[in-house]
1. Spin-label point model (7 Å from Cα, Cβ direction): what's the THR38 to LEU125 distance in nm?
2. Could you work out the helix-only [θ] at 222 nm for the chain, with each DSSP H run of four or more residues adding -39,500 (n - 2.57) and the total divided by the number of residues, to the nearest 500 deg cm²/dmol?
3. Helix 18-40: angle to the longest alpha-carbon principal axis of the chain, degrees 0 to 90, nearest 10?
4. Report the FRET efficiency, 1/(1 + (r/R0)^6), for GLU89 and LYS29, where r is their Cβ-Cβ distance and R0 is 25 Å, rounded to 0.05.
5. Identify which of the listed values of Cα extents along the principal axes in Å was calculated from the structure shown: [x] 53, 37, 28; [y] 109, 26, 23; [z] 62, 40, 24.
6. Say the cut-off is 27 Å between C-alpha atoms; which of LYS81/LYS107; LYS107/LYS149; LYS4/LYS41; LYS31/LYS87; LYS29/LYS87 go over it?
7. In whole Å, what are the Cα extents of region 6-94 along the three principal axes, biggest one first?
8. In degrees from 0 to 90, rounded to the nearest 10, what is the angle of the helix 43-59 Cα long axis to the longest principal axis of the chain?
Amino acid sequence: MEEKTDKQLYKEFLEGNNASFEEIVIRHKNKLIYFITTYVKNIDIAEDIAQDVFVYILIHQKNYNFQYSLKTYLYVIAKSKALNFLKREKKITYTDNLQDFHVSYEKQLNELEEIVFKKEQAEKLHKTIDQLKENYRQAIYLADIEEMKYSEIR
């Protein structure tokens, strides 16, 4: 028995033969996934897009023009869906990157404010310590910097 062409299978599918549609899917699924993978670089995403292609065919059965090969029709739909996916991903990635940049900028700004605040506090503390008598300055130095016990400082 001679194998049916894609166009014959599609005509049978339009007449209600779901087995013919299944045969179309079996014939083209793996090569279609490989084709889509060349765009999206991820086999799982390519499989999802390929499934979307076949769902599109199911929903829009009458759109196929028998003037062109079914394979060409499938690949045009697949390419369109893959490019649409990439456009959405690019927008999501750009938005995410922008948000990450904003969060990173805010964090750096807060850290810079903290550094400036601590530096100002340290300067005030040094000025205040410098105004103390020598023996008090030495006691503070030994207790806070050298971490000596008060009993050892006397």
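Read-outs: derived from the displayed coordinates by stated rules, not from any lab. The model shown is predicted, which means the values in this text are computed figures rather than measured ones. Neighbour counts run over all protein chains shown; Cβ positions are idealised from the backbone, glycine included.
1. 6.6
2. Working: 6 runs with 121 residues, N = 154.
For the chain, the value works out to -27000 deg cm²/dmol.
3. Helix 18-40 sits at roughly 40 degrees to that axis.
4. On the way: r = 23 Å, r/R0 = 0.92.
Working from the Cβ atoms, E equals 0.65.
5. [y]
6. Values: LYS81/LYS107 38 Å; LYS107/LYS149 38 Å; LYS4/LYS41 33 Å; LYS31/LYS87 23 Å; LYS29/LYS87 23 Å.
Cα-Cα > 27 Å for LYS81/LYS107; LYS107/LYS149; LYS4/LYS41; rest within.
7. Answer, in whole Å and largest first: 46, 21, 19 Å.
8. On a 0 to 90 degree scale, this one is about 40.
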